[in-house]
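> Pasting in a structure now, in structure tokens, and then I'll have a few things to ask.
The values are calculated or read from the model by the stated rules, or taken from the named source; none is laboratory data. If you're wondering where the values come from, they're calculated on a predicted model, not measured in any experiment. Reconstructed Cβ throughout: ideal geometry from the backbone, glycine too, with neighbour counts over all protein chains shown. What goes into the accessible areas is simple: the full protein's heavy atoms, side chains included, and nothing from ligands, DNA or RNA. Shrake-Rupley method; radii C 1.70, N 1.55, O 1.52, S 1.80 Å.
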Amino acid sequence: MSEKHDEVSGATTTGHVWDEDLADFTNQPPRWWMLGLAASAIWVVVYWLYYPSVPLPAANSYFKGVGNWSAIREMEADTGEVDAVRGKYENKLKDLTPAAILADNDLTEYVKRSGKVLFGDNCAGCHGTNGVGVKSKKDGLFAPVLNDDDWLYGGKISDIHTTITGGRQGMMVAHHDTLSEQQIDDVAKYVIALSEGRGDSEAAGKAVFMSSDCVGCHGADAKGMQAMGSANLTDKIWRFDGSLEGVKRTIAYGVNSGDPKARIAIMPNFKEAGKLSESDIKKLAVYVYKFGGGQAETPPAAVPAETAAPAKAAK
Amino acid sequence: MSNNTDQKDAGNVTEIYQEFETWSVNLGEKTIHAKRIPGFFRNLKYITGSLWIIFFIGPFLRWNGKQAILFDIGNRQFHFFNITVLPQDIWMLSLLLLLLAMTLFAVTSVASRVFCGYFCFQTVWTDLFTWIEEKIEGKPPQRVKLDKAPWSFTKVRLKLFKHSLWLMIAVLTGISFSSWFVDSFDYWHNLLNFRLPMVGWVTLAMFTAGTYVLAGFLREQTCFWLCPYARIQGVMTDSQSIMPTYDVKRGDPPGKIRRDAGQAPDAQKSGDCIDCYQCVQVCPTGVDIREGQQLGCITCGLCLDACDSIMDKVGRPRGLIRYASLDEIEGKPVKKLHQHPRTLVYINIIVLALCGIIYGLTHLGALTLRVIPERQPLFITESDGSIENKYEFKVVNKTDKDMFVNVLAEDGVAGQIILGAEQPLLTHHGRGTSFTIFVKAPGANVKHEVTPIEFRIQSAEDPSVSAEYRSKFNGPKPD
């Protein structure tokens, strides 16, 4: 840089002149600015040394950094924090029956929140988001609605827990060989009339129902038996399809009967599947119960005494 | 600078450069040691400044066994005597900020930077720090001498004493600030046992350092170059605002007083200003008010006291420097306050904001209720054909006790029953509680896809404590 001077002030300039007389002074940047620059330079070096920064392609590796930091380790540390928060609830869940969990407001609230993910991952595929059921035009309801108060295998917390643990398989034989088309039509009309509360108006169908194997599973009052999962035919809820055609198809081809046109009703055994832990299954049972359809144990004393009692006494 | 005629020809642009040569900019190279002259505005500043005592003792006020005014950040509550404001009511804060901003604007448009001169923590703390400095190191000439003197035992002793007093005030400031946000007695207890949380130490350290540096060293530099309000207020004033002003017509040209001139009018070639520089010497920001209103002037009025005392001594009328508007000084007709539309607009906004805050504080209520209907599924058909809706209730109990509430519903569907609230439900005080409520109605009575329903929660003990929320009851599409 050659020594140039401003004509007016005599100050040293860079020598560049714009618009005839506009020149740049060679003033030093402020001290604080230079200090900042030096500090930044030092920071860069420290940063490079502390963190993994230099790839070493020849060794198929990289310089690990003196801080030994890695994204995975940081993530693991963070998940540890989350687990610590959940831990106090999860530890309690391990030793409690689902009924005892329900009796504890805090735990129930925890399960209602954490169960959402479990339900979404494992149950919603068949039962729909929030258990609203999945329907198709061709096959009707694929899996039962879980929000309502109608339960094929029982709506008590212990029943729900058993269902999830062991799975369920519906069974109804096909009747297209044992009943005539007319009989199937009659009995279908009778069953629909039952649901609408005017069962006696279909005398022909009632005669078929009472004389055939229907009563064997659904009972003479047609209210079904939860022990074997036969549906209550007198309520307004249909497991598959409540239209006349739909009911006729169920009667003619059965459920899980092996016939190609049969209804399919299989809930897998989640314990055997091994994907869910004991706690997960308990959580899901409480979560499903809390959709609104869960039925209280009657009488309340029926809560398995040996495990639930200490929890209750402690409250 | 060699060719004066050239510069004259260059016109206005060059004038700016010429003005710049005589323009002194205070960049803080020299510490300003301002004189203290007693007077009306000096006393006024002592009185307004001492309002900040509230800042120190306010956190120790108790009310019903709790701190009267507490910005409880940890629990997200604001306590003001009887009133507890929760984050739900934070909209009032925006009105309060609006109110404060408009008050600042209105006052500034009427009487210029009153806040800067009399109330601002920066000028008040600086005033306190320089007062201490004067008590320890003496009057301005002695202070200048002491600064220049080589280090000696006396100098070290005086400086050490001064800085430790400054630091004590700074620490006390930091403690007092923190005490507005946590219980003050707890805070002192934790402080003395060295058990403050990290954020507490950081806040205390930052406030101590900030007070010490800003009031002890930066002083008027803060007003000149750091504070945005100095600039904002600068543009809020106009020719109608009154501010400390040098009466240029009466005072100029300044001239030294001559004893032989006497009171004869013909002998008075110069104006009333005797160029004594007292107004500059007392100025805490070191400006010369005779150059007109300027950025550095915080309108504290100390130069008025100084000038008046001199005018009394030389037997000329007071008020050479006085609170006056530019219009008045220039001899233009002085408008009344009601002829100042801008101020009226500010006052209107202030009144509106005030009404909003009063409405908010009188309608806080003890309970708030939000009801969120379940959206998937919108409704459930039960086995007996009835329709059930699920609702998430979010209740905030603003009282200081846990409360049991009953749930009721109005409108809705004939024959509906509420499930999930058979017993009164517990709501925790000072925070939100949520619970799930079901409403079940006979299917035959559900005539519409959507039926309005109003939920009400009321305290089990005192039904007048209640909150309502309008929601909807969903049903199937009618055939």
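> Just one of (1) closer than 16 Å to A:PHE291 by Cα; (2) surrounded by 16 or more Cβ atoms within 10 Å (Cβ to Cβ) trips up A:ASP186, so point out which.
(1)
> Okay, moving on. Out of the stretch B:374-415, which residues are without any contact (Cβ under 8 Å) to a residue 12 or more places away in the chain and of a type in the set (Lys, Arg)?
Residue satisfying the conditions is B:ARG375 alone.
> Let me ask something else about it. Regarding the stretch A:252-264, can at least one residue be identified that is at pLDDT 90 or above, within 14 Å of chain B (Cβ to nearest Cβ) and closer than 26 Å to A:HIS127 by Cβ?
no
> Right, something else. In this structure, is B:VAL395 crowded, with 20+ Cβ neighbours inside 10 Å, away from chain A (no Cβ under 14 Å) and not in a loop (DSSP other than H, G, I, E, B)?
yes
> Continuing with the same structure: Which of the residues spanning the stretch B:179-238 are assigned to a helix (DSSP H, G or I) and of a type in the set (Val, Ile, Thr)?
Scanning the stretch B:179-238 gives B:VAL199, B:VAL202, B:THR203, B:THR208, B:THR211, B:VAL213, B:THR222, B:ILE232, B:VAL235.
> Criterion first (hydrophobic (A, V, I, L, M, F, W, C), touching a residue at least 40 places away in the same chain (Cβ under 8 Å) and open to solvent by 40 Å² or more (accessible area, probe 1.4 Å)) does B:ALA444 satisfy it?
Values: hydrophobic (A, V, I, L, M, F, W, C): yes; touching a residue at least 40 places away in the same chain (Cβ under 8 Å): yes; open to solvent by 40 Å² or more (accessible area, probe 1.4 Å): yes.
So B:ALA444 fits the description; yes.
> Counting only residues that are touching a Lys or Arg at 6+ places or on another chain (Cβ under 6 Å) and not β-branched (Val, Ile, Thr), which one in the stretch A:10-53 is farthest from A:ARG73 (Cα to Cα)?
Once the filter is applied, the top-ranked residue is A:GLY15.
> Next question. Output yes when any residue across the stretch A:288-310 is assigned to a helix (DSSP H, G or I), modelled with pLDDT under 90, open to solvent by less than 30 Å² (accessible area, probe 1.4 Å) and more than 14 Å from chain B (Cβ to nearest Cβ), and no when none is.
yes
> Show the residue pairs that are 6+ apart or on different chains and have beta-carbon atoms under 7 Å apart, the first residue being within the stretch B:342-356 and farther than 8 Å from B:MET102 by Cα, the second being among the aliphatic types (A, V, I, L, M) and open to solvent by less than 80 Å² (accessible area, probe 1.4 Å).
B:THR343/B:ALA106; B:THR343/B:VAL110; B:ALA353/B:LEU95; B:ALA353/B:LEU98; B:ALA353/B:LEU99; B:ALA353/B:MET102; B:LEU354/B:LEU99; B:GLY356/B:LEU95
> Among the listed residues A:GLY140, A:GLY131, identify the single one that is under 19 Å from A:TRP238 (Cα atoms), open to solvent by less than 40 Å² (accessible area, probe 1.4 Å) and within 13 Å of chain B (Cβ to nearest Cβ).
None of the others qualify; the one that does is A:GLY131.
> Another question, then. Looking at A:ALA174, A:ALA203, A:ALA188 in this structure, which one is away from chain B (no Cβ under 14 Å) and free of Cβ contacts under 8 Å to residues at least 40 places away in the same chain? Outline the logic, then answer.
Numbers: A:ALA174 fails: free of Cβ contacts under 8 Å to residues at least 40 places away in the same chain; A:ALA188 fails: free of Cβ contacts under 8 Å to residues at least 40 places away in the same chain.
Step by step, each of A:ALA174, A:ALA203, A:ALA188 is checked, and only A:ALA203 is away from chain B (no Cβ under 14 Å) and free of Cβ contacts under 8 Å to residues at least 40 places away in the same chain.
> Failed condition for B:GLY365, given (1) facing chain A (nearest Cβ under 9 Å); (2) in a loop (DSSP other than H, G, I, E, B), with all others met?
Only one criterion is unmet by B:GLY365, namely (1).
> If you go through the stretch A:163-177, how many residues are crowded, with 21+ Cβ neighbours inside 10 Å and aliphatic (A, V, I, L, M)?
Number of matching residues: 2.
> Taking helices (runs of 4 or more DSSP H) that fall entirely within the stretch B:270-357, which contain at least 1 residues that are surrounded by 14 or more Cβ atoms within 10 Å (Cβ to Cβ), hydroxyl-bearing (Ser, Thr, Tyr) and modelled with pLDDT of 90 or more?
Once the helices (runs of 4 or more DSSP H) in the stretch B:270-357 are filtered for at least 1 residues that are surrounded by 14 or more Cβ atoms within 10 Å (Cβ to Cβ), hydroxyl-bearing (Ser, Thr, Tyr) and modelled with pLDDT of 90 or more, what remains is B:302-314.
> Can I ask one more? For the stretch B:370-387, give me the residue count where each residue is surrounded by 19 or more Cβ atoms within 10 Å (Cβ to Cβ) and more than 14 Å from every other protein chain (Cβ to nearest Cβ). Give the derivation first.
Taking the stretch B:370-387 and keeping what is surrounded by 19 or more Cβ atoms within 10 Å (Cβ to Cβ), we get B:371, B:374, B:377, B:379-382, B:386-387.
Within this subset, residues satisfying the condition of being more than 14 Å from every other protein chain (Cβ to nearest Cβ) are B:371.
Residues that pass the stated criteria total 1.
> Residue check: is B:HIS428 more than 29 Å from A:LEU152 (Cβ to Cβ), out of contact with any strand residue (DSSP E or B) (no Cβ under 7 Å at 6 or more places or on another chain) and either open to solvent by 60 Å² or more (accessible area, probe 1.4 Å) or within 14 Å of chain A (Cβ to nearest Cβ) (or both)?
Against the criterion (more than 29 Å from A:LEU152 (Cβ to Cβ), out of contact with any strand residue (DSSP E or B) (no Cβ under 7 Å at 6 or more places or on another chain) and either open to solvent by 60 Å² or more (accessible area, probe 1.4 Å) or within 14 Å of chain A (Cβ to nearest Cβ) (or both)), B:HIS428 does not qualify.
> Something else: As an exercise: evaluate A:GLY15 against (1) more than 14 Å from chain B (Cβ to nearest Cβ); (2) loosely packed, with under 10 Cβ neighbours inside 10 Å and give the number of the one condition it does not meet.
Here A:GLY15 clears every test but (2).
> Looking at the stretch A:23-33, is at least one residue modelled with pLDDT of 90 or more and outside the structural domain of A:TYR110 (by TED's automatic domain parsing)? It would help to see each step written out before you state the result.
From the stretch A:23-33, those modelled with pLDDT of 90 or more are A:33; that's our starting set.
Filter again for outside the structural domain of A:TYR110 (by TED's automatic domain parsing), leaving A:33.
Among the residues of the stretch A:23-33, at least one is modelled with pLDDT of 90 or more and outside the structural domain of A:TYR110 (by TED's automatic domain parsing), which makes the answer yes.
> Looking only at the stretch B:407-425, count every residue that is in a loop (DSSP other than H, G, I, E, B), of a type in the set (A, V, I, L, M) and either modelled with pLDDT under 90 or buried (at least 16 other Cβ atoms within 10 Å of the Cβ) (or both) and tell me the total.
Qualifying residue count for the region: 2.
> Against the condition farther than 21 Å from B:SER178 by Cα and either open to solvent by 50 Å² or more (accessible area, probe 1.4 Å) or modelled with pLDDT of 90 or more (or both), how does B:LEU95 come out, does it pass? Lay out the reasoning, then the answer.
Details: farther than 21 Å from B:SER178 by Cα: yes; either open to solvent by 50 Å² or more (accessible area, probe 1.4 Å) or modelled with pLDDT of 90 or more (or both): yes.
In short, yes.
> Still on this structure, please answer the following. Tell me whether the stretch A:114-122 contains one or more residues that are at pLDDT 90 or above, open to solvent by 80 Å² or more (accessible area, probe 1.4 Å) and away from chain B (no Cβ under 14 Å).
Scanning the stretch A:114-122 turns up at least one residue that is at pLDDT 90 or above, open to solvent by 80 Å² or more (accessible area, probe 1.4 Å) and away from chain B (no Cβ under 14 Å).
> Give me the residue from the stretch B:409-425 that is among the hydrophobic types (A, V, I, L, M, F, W, C) and farther than 30 Å from B:GLN77 by Cα and, out of that set, nearest to the other protein chains (Cβ to nearest Cβ).
B:LEU419
> May I pose another question? Working carefully through the options A:SER180, A:SER230, A:SER211, find the one that is open to solvent by 70 Å² or more (accessible area, probe 1.4 Å) and either away from chain B (no Cβ under 14 Å) or in contact with a Cys (Cβ under 9 Å, 6 or more places away or on another chain) (or both).
None of the others qualify; the one that does is A:SER211.
> In the stretch B:45-77, how many are more than 20 Å from the chain's Cα centre (by Cα) and open to solvent by 50 Å² or more (accessible area, probe 1.4 Å)?
Here the count works out to 10.
> Checking A:LYS236 against (1) within 14 Å of chain B (Cβ to nearest Cβ); (2) farther than 30 Å from A:PHE119 by Cα; (3) open to solvent by 30 Å² or more (accessible area, probe 1.4 Å); (4) not polar (S, T, N, Q), which test does it fail?
Going through the list (1) within 14 Å of chain B (Cβ to nearest Cβ); (2) farther than 30 Å from A:PHE119 by Cα; (3) open to solvent by 30 Å² or more (accessible area, probe 1.4 Å); (4) not polar (S, T, N, Q), A:LYS236 breaks only (2).
> On to the next question. Just checking, how many residues over the stretch A:103-134 are assigned to a loop (DSSP other than H, G, I, E, B) and either among the basic types (Lys, Arg) or under 16 Å from A:HIS161 (Cα atoms) (or both)? Please lay out each step first, then the result.
Initially, the stretch A:103-134 is screened for residues assigned to a loop (DSSP other than H, G, I, E, B), giving A:104, A:123, A:128, A:132-134.
Cutting the leftovers down to either among the basic types (Lys, Arg) or under 16 Å from A:HIS161 (Cα atoms) (or both) gives us A:123.
Residues flagged as assigned to a loop (DSSP other than H, G, I, E, B) and either among the basic types (Lys, Arg) or under 16 Å from A:HIS161 (Cα atoms) (or both) within the stretch A:103-134 amount to 1.
> I'd like to verify a number: residues in the stretch B:127-150 that are part of a helix (DSSP H, G or I) and open to solvent by 20 Å² or more (accessible area, probe 1.4 Å), how many?
Going through the stretch B:127-150 one residue at a time, the tally reaches 14.
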